[in-house]
Ligand code: CP
C-alpha cells in the first residue's frame, strides 16, 4: 500500500482491502503457532482518544505490543486539551515527542483527515463522528471471511441506528465493494439520506431484512441521543426492531449475528440471542487485534519484512 494514513476504507481499492485481510489472517496463524513478532520494534504508537473506547483502544495497544512496538495513551481529559490546545497543535506536539504514528478517535467527522494533512507520521482513524471507522469494517470483513471463505454474493442485513453510525457507513461501503448485497432496516428517523448511493437497499420490515441474511449486523441504539426525539420509546423500539429469538427464527439457521459493541443487551438484541451460538461478538473483538496489527505493519513499514517470512494462507 502506498498510503501514509488510514482514514477511511473508501480510500483503499478492493485489492488493498483484501491484502490487509490476508495479512491479518497470516499474522493470526503465525501468532497461534507461537511465533514472536518483532517487526514493529522501535516504533512508538500514540493513542489519542477524545471519545470513550474499550475495544478499539485496547486492541490497538495489544496489536502494537504483539508486533514489538511501544504504546503511549493520552488521556485527553487530563492533557493540555483541557487548557484549550487545539487538535492539530496536540497532534503536532505528540509527533514532536517522537510518536511513530497517531491513532485518533474524535467526535468530529473529518478530524483524522485534518490531522493527517498536518503531521508527517501515519494517522489511523479510530472513529471520527458519524463518518468512518475503517478498522471496525476490516475486522467485520475478516470475521465473515473466516466463517464463509469470502464476501462475494453474501447477504448482509444491518439493523439499528444507521443515522448516527460511522460503523454503518464504513460497513455498507466495504461489504458492498467486496461483493455482498447489503440491506438496512431501521425506523425512518434513524435512516440517513443517500443510502442507495452507498450501496444499501432500505427495507421497511426487519423480518424481510433478515429472511435471507448470511449476516445480521446490529447497531447500538445511541441512547444518549434518544432525548432528541428519534424514537418514541426504547421498549417499543426493542419490541419491533430488536433482534429477539422470534425475529431470529425468521432468518437462516446459520446466519451470523454481529455487533461492533458496546451492546445494549435488551434493546437492540435480547439476552438469549446475544449469548447464543450464532453471536460472534467476541470473535469480532479478537479479530480487531489482528486487523489492527496488519494496519500497523503496513503503515509502519514492517510489511515487507513481515511478509518475507510469511506462510502461504488460503484466501
Ligand atoms: N466498536 C468500537 O469501536 O468499540 P469501542 O467504542 O469500545 O472502541
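Each reported figure results from applying straightforward, stated rules to the coordinates on display, with no laboratory input. Note that the structure is predicted; figures quoted are calculated from it, not measured. Methodologically, a virtual Cβ is constructed for each residue, glycine included, from the backbone with ideal geometry; neighbour enumeration extends over all protein chains shown.
Projecting label points 7 angstrom from Cα along Cα→Cβ for residue 4 and residue 275 puts them 4.9 nm apart.
As a length-normalised measure over Cα pairs under 8 Å and 6 or more apart, the relative contact order of the stretch 134-283 settles at 23 percent. When the chain is treated as a GNM with alpha-carbon contacts under 10 Å, the residue of 28, 283, 83 showing the greatest mean-square fluctuation is 83.
When the chain is treated as a GNM with alpha-carbon contacts under 10 Å, the residue of 301, 129, 84 showing the greatest mean-square fluctuation is 84. Say we join alpha carbon atoms closer than 10 Å with springs in a Gaussian network model of the chain; which of 200, 137, 126 then has the biggest fluctuation? Comparing 200, 137, 126 in a Gaussian network model of the chain, the most mobile one is 200.
Show me 184-190, 256-262 ranked by packing, highest mean number of other Cβ atoms within 10 Å first. List each step's numbers first, then the result.
Numbers: 184-190: 19.6, 256-262: 21.4.
Result, highest mean first: 256-262, 184-190.
Annotation: Cα Rg of the stretch 11-54 relative to the compact-globule expectation 2.2 N^0.38 Å equals 1.56. Here the scattering of the chain is modelled by Debye summation over its C-alpha atoms, one equal scatterer each and no solvent; at q = 0.07, 0.09, 0.11 Å⁻¹ the log10 of I(q)/I(0) is -0.27, -0.45, -0.67.
More than 18 angstrom separation, counting every C-alpha pair in the stretch 134-283; what % is that? Walk me through the numbers on the way to the answer.
On the way: 5734 of 11175 pairs.
The share of Cα pairs beyond 18 Å in the stretch 134-283 comes to 51 percent.
Taking all Cα pairs closer than 8 Å and separated by 6 or more residues, the relative contact order of the chain comes to 21 percent. Here is how the number arises for the chain: DSSP H runs of 4 or more residues each give -39500 (n - 2.57), the sum is divided by the residue count, and the result at 222 nm is -11500 deg cm²/dmol. Between residue 38 and residue 78, the FRET efficiency estimated from the beta carbon spacing at R0 = 30 angstrom works out to 0.40.
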